[in-house]
């Protein structure tokens with residue numbers, strides 16, 4: 001059910017505004033008052049000109065929730081701020097800001113009228129605002145227009161970025177205004193894909209965010225954006241100094257708890273990523289008790305399962321995948337986690353196959369792989385045949401990837417394992433090479449769609465063939481993509497041992513990577 005917020009309920013008696021308000025629909029949650037969540041909020045404070053303490057508290061909560069990408073809860077908090085003080089112009093600005101485009105989603109045709117309408121309320125009260133608040137309100141005028149067309153959103157986004165550039169220059173010491181400028185710059189960039197550190201726009205964005213964090217390393221909004229702005233570059237560690245503080249900056253906001261893991265994954269700090277997402281999942285669950293905010297819970301669990309898989313933390317990976325299966329009613333990642341950790345007899349217990357070609361292909365691969373390991377060659381061969389056919393025909397996409405690249409990777413891994421089982425190592429290596437070629441076509445994603453790399457299989461096949469240098473090369477390539485992952489570190493160490501060599505750096509790295517792993521890997525010399 002949707003509701004319509006009546007202007008008269010807020011004291012807006014202008015008949016023209018009333019008619020417009022009656023046409024604007026809001027999510028059902030707007031039927032209920034928004035509560036304050038003091039234990040979930042951090043120390044963030046943006047002083048406003050209102051003398052009403054409740055309005056100030058709700059304003060601070062709304063700002064933090066928007067920094068956390070909790071869009072609807074942010075809008076509701078700002079609404080409570082202006083209900084507490086109907087003359088607070090900047091409080092209306094807050095709700096207007098929250099309805100706009102943000103990094104994970106463009107403003108919709110349903111949100112645009114809400115943003116435009118409430119901005120008019122801010123403008124109607126602008127004489128009661130401080131000079132800085134008035135500037136912030138006017139900056140939104142170019143962003144929100146009466147007849148919004150999503151196809152032309154770039155025009156408003158550019159005008160808004162230009163307006164915020166002026167405000168950032170005028171208020172260089174206001175870190176939130178400068179963060180809003182950085183956000184506006186980011187909205188002009190492609191959200192997905194790799195970023196070139198030499199791109200002038202990327203340089204400008206990074207410089208803007210780093211200048212804020214030089215003044216306050218714990219600024220949640222700026223650090224959140226910097227993590228996203230660096231994760232797909234060759235230097236994700238640029239965000240590491242602030243990421244150390246980010247997860248606790250808004251304690252009950254699960255997306256903020258989780259965000260450091262984007263940096264930790266790229267740096268190969270797998271256990272730190274596991275911890276960040278575990279805390280995020282706790283906040284997601286606390287939301288049911290009014291102690292936290294559930295923000296992208298399936299993403300938090302997927303990141304947890306992925307990081308734990310790369311770090312060799314089987315219990316954490318499998319439990320996260322099980323929780324994800326319950327939440328999304330999709331057992332595909334649960335099945336993949338069981339394959340990753342060799343729990344083949346448990347695959348049959350994960351439930352019915354999911355819908356959707358790519359999710360089902362992950363599930364089918366797991367069933368076929370488990371069948372092979374349980375001596376059911378017929379099922380394995382029928383599975384790989386179906387996967388190979390799907391690779392050639394599918395037009396499906398999975399998040400930001402061509403589905404054929406995921407299916408082709410899985411088909412190649414299973415085909416290689418079948419060939420190896422039949423004693424044809426050359427054919428196995430060739431199948432793993434095919435899998436790797438599909439895998440290398442995948443776009444940047446966080447997390448990646450598979451909890452393993454086919455190079456783990458290819459390196460192992462090369463070792464079995466006595467091609468130790470080739471094995472080392474594949475494992476080292478994988479370590480470039482997934483630093484410190486336990487599987488490739490172990491592979492390099494084993495291949496070097498076969499040559500009678502050692503690499504102290506690899507040895508130390510593997511020892512450290514094994515600190516939190518709950519698995520052991522078989523020494524191939526035994």
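Here are the numbers for the structure shown:
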{"quantity": "Single unsatisfied condition, residue 395 versus (1) more than 26 Å from the chain's Cα centre (by Cα); (2) surrounded by fewer than 17 Cβ atoms within 10 Å (Cβ to Cβ)", "calculated": "(1)"}
{"quantity": "Sole exception among (1) in contact with a strand residue (DSSP E or B) (Cβ under 9 Å, 6 or more places away or on another chain); (2) closer than 20 Å to residue 321 by Cα for residue 292, by number", "calculated": "(2)"}
{"quantity": "Which listed residue is surrounded by fewer than 24 Cβ atoms within 10 Å (Cβ to Cβ) and not assigned by TED's automatic domain parsing to the domain that holds residue 195, from 309, 325", "calculated": "325"}
{"quantity": "Residue in the stretch 371-387 that is in contact (Cβ under 8 Å) with a residue 24 or more places away in the chain, under 23 Å from residue 320 (Cα atoms) and not assigned by TED's automatic domain parsing to the domain that holds residue 303 present", "calculated": "no"}
{"quantity": "Extreme residue, modelled with the highest pLDDT, among residues of the stretch 9-36 that are in contact with a strand residue (DSSP E or B) (Cβ under 7 Å, 6 or more places away or on another chain) and under 21 Å from residue 146 (Cβ atoms)", "calculated": "26"}
{"quantity": "Qualifying residue in the stretch 432-450 (condition: modelled with pLDDT of 95 or more, within 21 Å of the chain's Cα centre (by Cα) and in a helix (DSSP H, G or I))", "calculated": "yes"}
{"quantity": "Per-region count, the stretch 199-228, residues surrounded by 18 or more Cβ atoms within 10 Å (Cβ to Cβ) and within 30 Å of residue 285 (Cβ to Cβ)", "calculated": "10"}
{"quantity": "Selection from the stretch 494-518 of residues that are surrounded by 14 or more Cβ atoms within 10 Å (Cβ to Cβ) and under 20 Å from residue 340 (Cα atoms)", "calculated": "494, 510, 513, 514, 516, 517, 518"}
{"quantity": "Residue count, the stretch 74-84 (criterion: buried (at least 24 other Cβ atoms within 10 Å of the Cβ) and either more than 29 Å from the chain's Cα centre (by Cα) or within 19 Å of residue 25 (Cβ to Cβ) (or both))", "calculated": "7"}
{"quantity": "Residues located in the stretch 343-357, provided they are in a loop (DSSP other than H, G, I, E, B), touching a residue at least 12 places away in the same chain (Cβ under 8 Å) and out of contact with any helix residue (DSSP H, G or I) (no Cβ under 6 Å at 6 or more places or on another chain)", "calculated": "343, 351, 352, 356"}
{"quantity": "Test: residue 249 is buried (at least 21 other Cβ atoms within 10 Å of the Cβ), over 21 Å from residue 202 (Cα atoms) and touching a strand residue (DSSP E or B) at 6+ places or on another chain (Cβ under 7 Å)", "calculated": "no"}
{"quantity": "Members of the stretch 51-64 found to be more than 21 Å from residue 117 (Cα to Cα) and surrounded by 24 or more Cβ atoms within 10 Å (Cβ to Cβ), listed by number", "calculated": "61, 64"}
{"quantity": "Residue match in the stretch 150-170 (condition: assigned to a loop (DSSP other than H, G, I, E, B) and either without any contact (Cβ under 8 Å) to a residue 60 or more places away in the chain or closer than 25 Å to residue 30 by Cβ (or both))", "calculated": "no"}
{"quantity": "Residue in the stretch 390-398 that is assigned by TED's automatic domain parsing to the domain that holds residue 415 and closer than 30 Å to residue 511 by Cβ present", "calculated": "no"}
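The values are calculated or read from the model by the stated rules, or taken from the named source; none is laboratory data. Remember, it's a predicted structure, so these values are computed and weren't measured experimentally. Neighbour counts run over all protein chains shown; Cβ positions are idealised from the backbone, glycine included.
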